[in-house]
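Below is one structure, written out as structure tokens; comments come after it.
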Amino acid sequence: MNEEYEFTLGGERYRITRRQFEDRLVGVASAPIKTHSVEIGGHRYPVKQAVAIGVGINGYRSSFISTEALRILRKLGYKPDTELAASNQEHERKKEFILSGTHHRVARRDFEQRFVGVEPENITKYSVEIGGRHYPVKQAIGVGLGVERLSFTTMDAFRILRKLGFKPESSDRIAVSTRRYGSDDAYASMRALHRDDPLSARYWVYENWQAEGHKAIIHHAACGHCKNGIGQKGGTDKAHGQWLGPYATVSAAEVEARKTGGAVRRCKMCQRLS
Ligand SMILES: [Zn+2]
């Protein structure tokens with residue numbers, strides 16, 4: 001906290017300790033966060049606001065750019081969040097809309113939570129990817145909002161899914177999602193798995209490249225960490241890691257886990273379920 005850091009910002013030279021930096025931010029209200037943010041003293045600030053106040057600059061909006069703010073925060077030992085973290089915050093923000101005359105107020109994160117353990121029904125034409133699986137759009141809205149499916153149209157479903165930040169698609173374009181599964185074959189077998197035996201795909205791999213080196217941990221779908229591929233901060237935040245799967249057997253999951261190149265382990269919490 002008392003080590004002095006030296007850097008240049010907007011043509012000025014600064015020498016500052018973390019303590020001095022944080023002391024200036026005490027009691028400062030956070031400005032609205034657009035993309036990059038950083039947590040200091042239990043509050044989350046836009047990176048430019050944090051740096052300007054922390055080093056004592058007035059009128060910061062024009063004097064330096066976010067990239068410089070990120071550089072200085074990292075130099076001081078903070079871990080500013082990227083756009084991906086901002087998108088996580090976006091997932092927690094409640095969206096408002098009207099469906100069949102009823103007013104709804106729901107966050108994407110809460111909507112997604114309702115899909116834990118829900119098997120996708122057969123897709124005829126329009127689907128949406130939620131937690132790594134494709135659901136028919138009307139099933140998605142029925143499950144996510146807990147509403148009667150006869151009460152709304154496919155167009156309604158599209159409108160609301162888009163509002164919540166999902167990307168509903170037509171079934172002939174689903175192949176674009178293959179990158180998530182590595183190859184067309186892997187994706188086709190994942191799809192076949194759901195179609196032929198929806199209950200057989202019960203294992204997931206969480207690939208994590210941040211905590212203590214690169215790891216790939218095998219979980220059961222019902223594990224509290226896994227939640228059928230949406231646990232661990234949504235699994236889509238690339239700053240933390242990603243979910244791979246689902247796989248029918250532990251050994252299939254293990255094969256995929258080895259392909260990541262990380263240290264393969266089984267989750268201590270859930271593997272008794274297998
Ligand atoms: Zn687990």
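The values are calculated or read from the model by the stated rules, or taken from the named source; none is laboratory data. A quick note: this is a predicted structure, and the numbers were derived from the prediction, not measured. Heads up, the Cβs are rebuilt from the backbone with ideal geometry, glycines too, and the neighbour counts pull from every protein chain shown.
Take the residues in region 237-255 that are away from the ligand (no atom under 16 Å from the Cβ) and modelled with pLDDT of 80 or more; name whichever of them is surrounded by the fewest Cβ atoms within 10 Å (Cβ to Cβ).
Step by step, filter region 237-255, then rank; the result is Ser251.
Given the options Arg159, Arg93, Arg105, name the one that is farther than 29 Å from Glu256 by Cα, touching a strand residue (DSSP E or B) at 6+ places or on another chain (Cβ under 8 Å), at pLDDT 90 or above and among the charged types (D, E, K, R).
Arg105
Given the criteria free of Cβ contacts under 8 Å to residues at least 12 places away in the same chain and crowded, with 18+ Cβ neighbours inside 10 Å, does Gly142 qualify?
Spelling it out, Gly142 is indeed free of Cβ contacts under 8 Å to residues at least 12 places away in the same chain and crowded, with 18+ Cβ neighbours inside 10 Å.
May I ask you to say which residue of Ile40, Ile57, Ile33, Ile65 is outside the structural domain of Leu145 (by TED's automatic domain parsing), in contact (Cβ under 8 Å) with a residue 40 or more places away in the chain and farther than 30 Å from Phe166 by Cβ?
Ile57
Of all residues in region 123-147, how many are at pLDDT 90 or above and part of a loop (DSSP other than H, G, I, E, B)?
Within region 123-147, residues that are at pLDDT 90 or above and part of a loop (DSSP other than H, G, I, E, B) number 2.
Look at Arg114 and say whether it is closer than 23 Å to Tyr203 by Cα, in contact with a helix residue (DSSP H, G or I) (Cβ under 7 Å, 6 or more places away or on another chain) and in contact (Cβ under 8 Å) with a residue 40 or more places away in the chain.
Answer is no for this residue.
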